[in-house]
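Please treat every number below as a calculation from the coordinates, not as lab data. As the structure is a prediction and not an experimental result, all values here were calculated from the model. In this analysis, Cβ positions are derived from the backbone assuming ideal geometry, glycine residues included, and neighbour counts consider all displayed protein chains.
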Protein chains: 4
Amino acid sequence: MPESTIEFRVRYAETDQMGVVYHTNYLIWCEMGRTELMRQLGATYAELERQGVYLVVSRAQIRFRNSAGYDDPVRVRTRLTRMRSRGVTFHYLVERAEGQRVLAEAETDLVCVDSSGSPRKLPGSIEELLDGALEPQIA
Amino acid sequence: MPESTIEFRVRYAETDQMGVVYHTNYLIWCEMGRTELMRQLGATYAELERQGVYLVVSRAQIRFRNSAGYDDPVRVRTRLTRMRSRGVTFHYLVERAEGQRVLAEAETDLVCVDSSGSPRKLPGSIEELLDGALEPQIA
Amino acid sequence: MPESTIEFRVRYAETDQMGVVYHTNYLIWCEMGRTELMRQLGATYAELERQGVYLVVSRAQIRFRNSAGYDDPVRVRTRLTRMRSRGVTFHYLVERAEGQRVLAEAETDLVCVDSSGSPRKLPGSIEELLDGALEPQIA
Amino acid sequence: MPESTIEFRVRYAETDQMGVVYHTNYLIWCEMGRTELMRQLGATYAELERQGVYLVVSRAQIRFRNSAGYDDPVRVRTRLTRMRSRGVTFHYLVERAEGQRVLAEAETDLVCVDSSGSPRKLPGSIEELLDGALEPQIA
């Protein structure tokens, strides 16, 4: 079960007047998490786009458990949880890097499109790479 | 069934290298929509915070239907769909302002907290205002 | 002396934990201001890009005078102050929409490039449109 | 001449439809740079704010030299270049982490205010810490 892990500190720009991270930033962090997972699997997303393969978010769902503040160390753990011929689903756990308190849990569906935005199949080579990263399904 | 409607144009900063609006911006627009709905109901959110009443997003869900580009005119229609003693649910329809093509559909749960972040009940006066804005439930 | 004027309210996402607008957002607002000025002059920037003409910020300078908070009504007044064969300079006044208190004053230089990022001259038709918008120089 | 160095990769959210980093993000990176420099000097900014000492950007100036794209590794080098009793000036060099190509050069003035936004002097202990980090002035 491959999983990527990234760590970074909360930027001042990411806080809001409630004194905590503004909620939409968590989804930006999730995208950083899947960039890293794909790199780790050997399918650098920047390279994919250069080949005309785009993964577009079609659905996002996120639950916020605890808040994070400026300069807090944060960790995002990303896994690939589902694959279809034209898309993939990622799952994210955002937690404090110290103490592992869960901050948010999210899931996003992405669909594969070409440079004109039309749906297309994932290239076979990418499908194979991602397939190997899928969580084993219990029969 | 009160509904707020806001219209604005996509900012250059909101686009990404795919040439369309980066997905998390839609949730920022949703927040602008509920700011407007609350103002319309007479419960200006900025004023609420000054009284120590905060509404924090605890869950967000969004489906992306079509993309929008730089300078496109966008409309967000916001409704209050559910109320609990300590929270509320809003529903959002994001569409192109010309032609009404749906861009995204979203829902967020918000919980009421005090300035220290502890859950609290909505003030009675606010509860009444919002209650009047709730969609009628069919029996 | 043509000048564009835009008005909008501060978004929650634009505040930071100091309780005011995070400073870089002012430069995003400036970009909205020049989008509007160009539209007003008949040179819609989105259309320019479709023709392979890009204006890239090469320098930005901004002075912050007063802070703005969530939901505050803001006005940005934009003027074209200088033109060169390969670039233009805009000046911005950001103020509270009620009472006209100055929030910030900024200036940006933009250079003209083609789709590959190489410097190019402004198309003659655009140069003419912008030229007419230049502030008169006192002899 | 103490200098902080941070490195990170460009986020997808930071790109715009020109295919490069949207310009205002560079100033967000500068703020990350000064957060790190202050931590290194022993004056964690998050801690300063908890003591009622705020540093507010009063002026920013930035020159853009080269563009950066999604996933590019970026480095920000931050130095303290000037100190006054009520404020400080930082200088930033943003460069590609591989090859050291300069992307942007920036400078920001910050003024010290209390929690109500009124100007105040830097606490003596902080002034000392920062003073030691100042670049030596050639007589």
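Annotations for the structure displayed:
- Scan of the range B:108-118 for residues that are among the hydrophobic types (A, V, I, L, M, F, W, C) and part of a loop (DSSP other than H, G, I, E, B), ordered by number: none
- Hey, D:Val21 in contact with a helix residue (DSSP H, G or I) (Cβ under 9 Å, 6 or more places away or on another chain) and not polar (S, T, N, Q) or not: yes
- Flag if D:Val102 is within 14 Å of chain B (Cβ to nearest Cβ) and over 12 Å from the mean Cα position of the chain (by Cα): no
- Taken together, the residues in the range B:92-117 that are out of contact with any His (no Cβ under 9 Å at 6 or more places or on another chain) and within 30 Å of C:Tyr45 (Cα to Cα) amount to 12.
- Unmet requirement for A:Val94, which otherwise passes all of (1) away from chain C (no Cβ under 14 Å); (2) surrounded by fewer than 22 Cβ atoms within 10 Å (Cβ to Cβ): (2)
- Residue in the range C:119-131 that is assigned to a strand (DSSP E or B) and of a type in the set (D, E, K, R) present: no
- Flag if B:Arg75 is surrounded by fewer than 17 Cβ atoms within 10 Å (Cβ to Cβ) and touching a strand residue (DSSP E or B) at 6+ places or on another chain (Cβ under 7 Å): no
- B:Val111 fulfils the conditions (1) more than 13 Å from chain C (Cβ to nearest Cβ); (2) free of Cβ contacts under 8 Å to residues at least 24 places away in the same chain except for a single criterion, (2).
- Across the range D:92-107, the qualifying residues are those that are outside any strand (DSSP E or B) and small (Gly, Ala, Ser), and the one among them that is farthest from D:Trp29 (Cα to Cα) is D:Gly99.
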